[in-house]
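Nothing in this text is a laboratory measurement; each read-out follows from the coordinates by a stated rule. In this text the structure is predicted, and so the values were computed from the model without any measurement. Positions of Cβ are backbone-derived with ideal geometry, glycine not excepted, and every protein chain shown enters the neighbour counts.
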Amino acid sequence: MVLTEINSDQFRDMVRAATHRMGKNAEFVNKLNVFPVPDGDTGTNMNLTIESGAKAVNENLSESVGDLTESLSKGMLMGARGNSGVITSQLFRGFYKATEGKKTLTAQDLADAFSNGVATAYKAVMKPVEGTILTVARVAAEEGKNKVNETDDVSEVMRAVVDGAKKALKTTPDLLPVLKQVGVVDSGGQGLVFIYQGFLEGVLGEKDNNDYQLDEGEMDELINAAHHQAEAAQVQLSTGDIKNGYCTEIMVDLTADVPNKEKFDLDQFRGHLSKLGDSLLAVSDGEVAKVHVHTEHPGDVFIYGQKFGQLGKIKIDNMRIQHETILENNEEQEESVDFAVIAIASGHGIRELFKSEGVNRIISGGQTMNPSTKDIMDAITKSGAKKAIILPNNGNIIMAAKQAAEVSDIPVGIVPTKTISQGLTAMLSFDPDASVEENVEAMSEDLDTVKSGEVTKAIRDTKIDDIQVKKDDYLGIVDGTIKIDNPDLVDTAVAMIEKMLDEDSEIITIMYGSDATRKEADAVVKKLEADHDDLEFEIHDGGQPVYYFLISVE
């Protein structure tokens, strides 16, 4: 049967199916991250982005598809996180612009919408890189355009879009050498394939085998009670005291057939999970198991759950960032200022450093939890300022900051800081009496003079360029490039700093994180002082998660 148009009910099905499929596969997309450091959150970011769009669609009762695509676009814009999330939101902003005012969508309308989405997304990226989500979107749209010349069946056009996306995804390692070197496809591109596959399922009216609804009743109450107990405990802690930082929840469909499925026993299930973290709650009604646990390794929880069935709902919250937000919300309301400077940062010490340099508002976030466009907009609004500067302090947050600036009611400038060190340096040039444009120029001028180093731990074996990385070794990363792999934390930091030094180097600033100590930072300085008596050292308790040391050389 030929399907010649998509109505509002069918479009809602497309969005629901896409959101469900992206949610199921978010952790898989996360694992495609190229770098072996704990920042693989592409799947999480894309999932949160489309969930925000789906929520807006569900709240819109219109029978016009054009009205629904507008809600989808606005919802995704406000929920966009990370580069892949922002680009995805731009794809659907273009989709909406092409379908605005249309009650239904024909095959031609659908093809045009995907093509316009690609045009909009490419414009949003200053330097488009092939081999990424952009390539997958472009080839998918081209296949849709070709197909519409052959048929007026919207399902066939949507199938062509999916096939084109899959084909393009396979080529991403050939277009980006770093993907080929590690042996993965582009994570953002893979996420987009899942979204488009969900669209096809919605068009065809297919139900995913795991798209079930359950009366969760008492299980939900127990899970929620555990969550609130954990939150109450957090206010009694300092952020650095949090041992297991990720509040992880999963639902396992025990009735689903999976390869090598194991027999489910609730007591054994709980026993194993108790070894993976604390604050455990695992319940089951025989058909579904629900889990709440605080762990440092959510992936281990997912992998274990998949032995007994198919994962449904999953949720991960970074409790270290949540805790910082709780503390911030308990602080007295800051006074409104004429000119606000807003920085994204994580770690109690780093927040205090920014405040001491004149930053008015701190948004908790960073490498493993990118704030959304809405989060940044809320900070701008709450500042009560007439103009503002934003310091993203992370390359993956710059696009979301720019989107917030574009929709803000006041002039907002973005200083493209990619590291905490760059952000702190930029503040030295801030002038509250100058304009937004003058401040952006002045604060951006010296960013290239700051060398930024990060020490973290490898989460898997791999090879990057000429560096053989071993799981659980410490990595020294200089301006985004892995330079050192070493099993010793202090030796890693020392070797990394040696690579950062040149004849103009004068000051080294070391910020130790929640998993490092002042004693270890002192040991780094002591080793360097033996060979460099002309250098000055500053040590701060940054309190940041993920990175044992954040280091700048000026």
Original post:
Suppose R0 equals 30 Å; then what is the FRET efficiency for residue 532 and residue 441 from their Cβ-Cβ distance, rounded to the nearest 0.05?
Top reply: 0.35
**OP:** Note the angle between two axes, namely the Cα long axis of helix 82-99 and the longest principal axis of the Cα atoms of the chain, as a number of degrees from 0 to 90, rounded to the nearest 10.
**Re:** 40 degrees
Original post:
Long-range amide H contacts for residue 459: which residues qualify at under 5 Å (H placed 1.01 Å from N, peptide plane, sequence gap of 5 or more or a different chain)?
Top reply: 37, 472
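Rounded to the nearest 5, what % of the DSSP beta bridges within the chain are antiparallel ones?
Within the chain, antiparallel bridges account for around 70 percent of the total.
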Original post:
Rounded, prolate or oblate: which fits the range 332-449, taking a ≥ b ≥ c as square roots of the Cα gyration tensor eigenvalues, rounded meaning a/c under 1.5, else prolate when a/b beats b/c?
Top reply: rounded
**OP:** Take the alpha carbon gyration tensor of the range 40-146, find the square roots of its eigenvalues, order them as a ≥ b ≥ c, and report rounded if a/c is under 1.5; if not, report prolate when a/b exceeds b/c, else oblate.
**Re:** oblate
Original post:
When only C-alpha pairs under 8 Å and at least 6 residues apart count, what is the relative contact order of the chain, in percent?
Top reply: 12 percent
**OP:** For the chain, count the residues as N, evaluate 2.2 N^0.38 Å, and divide the Cα radius of gyration by that value, please.
**Re:** 1.00
Original post:
Residue by residue, what Karplus-based ³J(HN,Hα) values in Hz, rounded to whole numbers, does the range 268-277 have, using 6.51, -1.76 and 1.60 with θ = phi - 60° and x for Gly and Pro?
Top reply: 5, 4, 5, x, 5, 5, 5, 7, 8, x
Original post:
By the scheme Lys and Arg +1, Asp and Glu -1, what is the net charge of all other residues having a beta-carbon under 15 Å from that of residue 2?
Top reply: -3
Original post:
Mind listing the phi-derived Karplus ³J(HN,Hα) values for the range 518-531, rounded to whole Hz, using 6.51, -1.76 and 1.60 with θ = phi - 60°, and x for any glycine or proline?
Top reply: 4, 4, 5, 5, 4, 5, 4, 4, 4, 5, 6, 4, 4, 10
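Quick one: grab the alpha carbon gyration tensor of the range 349-408, order the square roots of its eigenvalues as a ≥ b ≥ c, and give me rounded if a/c is under 1.5, else prolate or oblate depending on whether a/b is larger than b/c.
oblate
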Original post:
Taking amide hydrogens as modeled 1.01 Å from N in the peptide plane, which residues meet the under 5 Å criterion relative to residue 485, leaving out close sequence neighbours?
Top reply: 476
Original post:
Where nothing but the Cβ of Lys and Arg (+1) and of Asp and Glu (-1) is charged, how large is the charge dipole of the range 385-505 around its Cα centre, in debye to the nearest 20?
Top reply: 640 debye
Subject >> Amide H partners (placed H, <5 Å) of residue 80, local residues excluded >> reply: 373, 374
Subject >> 3J(HN,Hα) from dihedral phi, the range 369-374, Karplus parametrisation 6.51/-1.76/1.60, rounded to Hz, x for glycine, proline >> reply: 8, 7, x, 7, 4, 5
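Dipole of the range 127-190, Cα-centred, from +1 at each Lys and Arg C-beta and -1 at each Asp and Glu C-beta, to the nearest 20 debye?
Its charge dipole is roughly 300 debye.
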Original post:
What dipole magnitude, in Debye to the nearest 20, does the chain give about its Cα centre under +1 on Lys/Arg Cβ and -1 on Asp/Glu Cβ?
Top reply: 1640 debye
